[in-house]
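Written out below as structure tokens is the structure these notes cover.
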Amino acid sequence: MSHSPQISYPNSVKIVEVGPRDGLQNESQTIALADKLQLIANLTDAGVQHVEAGSFVSPKWVPQMADSSSVFAQLPRKAGVTYSALTPNIKGLEAALAVNVDEVAIFGAASESFSQKNINCSIAESLKRFKPLMAMAQRHGIRVRGYVSCVLGCPYEGDISPTKVAQVSKALFDMGCYEISLGDTIGVGTPLKTQQLIETVRQALPTSKLAVHFHDTYGQALANILMALQHGIRVIDSAVAGLGGCPYAKGASGNIATEDVVYMLHGMGIETGIDLTKLIKAGKNIMTTLGRESHSKVAGALLTE
């Protein structure tokens, strides 16, 4: 009987909780500021150490995020927690700086069509637009995280070449992003494609600088995350209760639920610093507010026990 080479897993993984931003931004009902603040407080109380708490984009495009300045101004900040925001342009960064955001994120797409439909410009133009923003962030000592969307498929173009993803990732990294989060925006990725993607991208930049952001549209996110862990990824983006989707990607159901990721990691002996029971309560609380059921399988199982 031949033995396969030993697969090694990390001892610990950092979870970047995107529920308050990526999750809530697609909700059609307006969510009260108090409910957003409560969600963030509940998440950090559960041990989440990185929360994407808001987005400084035009309220015309994302009305749900119009109160991000108030969210940051009134956050019950906890020591050791990073509160970050999405800032697609200089104006957004200025607004973020005004309320002492710890860190910001910018995004590029690996698909030309998605870039055109999402931000009305080519990939090259979108990257060029970030240059002054990066310079400004550096002057203020603010770390910038880079997102690459549509890394495993695009609603307009179908399959996306891993080489293209590697190029965009490297461009963001070279520009000064300390970490690049690879986003399967429409959730079409499968494990071997995930493997191929990571193997290609890590030829362009260190694995330690990569994170993954999987949507669970087709139920593939945990399998893809497992594959990413096997290939050295140590940072995972997820949203409590599986909140969110992409407003520009039809039928893209939410992010993978943080509860499900944490349950899997803890079951593998990988530390996250998160208390699963408290995390499930945080998810239940926001879903009760929204008047919907949680998308988390783990929450569903443990709340009925």
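Okay, here's what the table says:
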{"quantity": "Derived scalar couplings ³J(HN,Hα) [segment 165-174; Karplus, 6.51 cos²θ - 1.76 cosθ + 1.60; whole Hz; x for Gly, Pro]", "calculated": "4, 4, 4, 5, 4, 5, 4, 5, 5, 5"}
{"quantity": "Eligible aspartates and glutamates near LYS209 by straight Cα distance, threshold 13 Å, same-chain separation 8 or greater", "calculated": "ASP174, GLU179"}
{"quantity": "Where only C-alpha atoms are counted, convex hull volume of segment 252-305 per residue in Å³", "calculated": "85"}
{"quantity": "Fewest-first ranking of GLU52, GLU112, using other Cβ atoms within 10 Å as the exposure measure", "calculated": "GLU112, GLU52"}
{"quantity": "Overall dimensions of segment 148-225 by Cα: Rg and Dmax, Å", "calculated": "11.5, 34"}
{"quantity": "Estimated dipole of the chain in Debye, rounded to 20 [Cβ of Lys and Arg +1, of Asp and Glu -1, Cα centre]", "calculated": "600"}
{"quantity": "Relative packing of peptides 134-144, 174-184, 287-297 - highest average C-beta neighbours within 10 Å first", "calculated": "174-184, 287-297, 134-144"}
{"quantity": "Residue pairs, from the table LYS78/LYS281; LYS14/LYS297; LYS117/LYS297; LYS60/LYS297, whose Cα atoms sit over 28 Å apart", "calculated": "LYS117/LYS297; LYS60/LYS297"}
{"quantity": "222 nm mean residue ellipticity, helices alone, for the chain (DSSP H n ≥ 4; -39,500 (n - 2.57); rounded to 500)", "calculated": "-12000 deg cm²/dmol"}
{"quantity": "Cα-based convex hull volume of the chain per residue, rounded to whole Å³", "calculated": "130"}
{"quantity": "Distance in nm between pseudo-label sites at ALA223 and THR304 (7 Å out along the Cβ direction from Cα)", "calculated": "2.3"}
{"quantity": "Estimated vicinal HN-Hα couplings, Hz - segment 52-57 in sequence order (Karplus 6.51, -1.76, 1.60; Gly, Pro = x)", "calculated": "7, 9, x, 8, 9, 10"}
{"quantity": "Two-decimal log10 I(q)/I(0) for segment 86-200, as the Debye equation yields it once each C-alpha is a single scatterer, q = 0.09, 0.16, 0.17, 0.22 Å⁻¹", "calculated": "-0.24, -0.70, -0.78, -1.16"}
{"quantity": "Relative contact order (%) - the chain, alpha-carbon pairs under 8 angstrom, separation at least six", "calculated": "20"}
{"quantity": "For segment 151-230 and segment 15-83, distance of Cα centres in Å", "calculated": "24"}
{"quantity": "Fewest-first ranking of SER28, SER161, using other Cβ atoms within 10 Å as the exposure measure", "calculated": "SER28, SER161"}
{"quantity": "Amide hydrogen neighbours beyond the local backbone of THR82, cut-off 5 Å, H modeled", "calculated": "HIS50, VAL51"}
{"quantity": "Qualifying trypsin sites (Lys or Arg not before Pro) for segment 156-258 [loop in DSSP, other Cβ within 10 Å: at most 12]", "calculated": "LYS250"}
{"quantity": "Residue order, fewest to most beta carbons within 10 Å, for ARG145, ARG77", "calculated": "ARG77, ARG145"}
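Here, each number is a calculation from the coordinates, and none is a lab measurement. Quantities reported herein were computed from a predicted structural model and do not represent experimental measurements. Note that each Cβ is placed from the backbone with ideal geometry, even for glycine, and that neighbours are counted across all protein chains shown.
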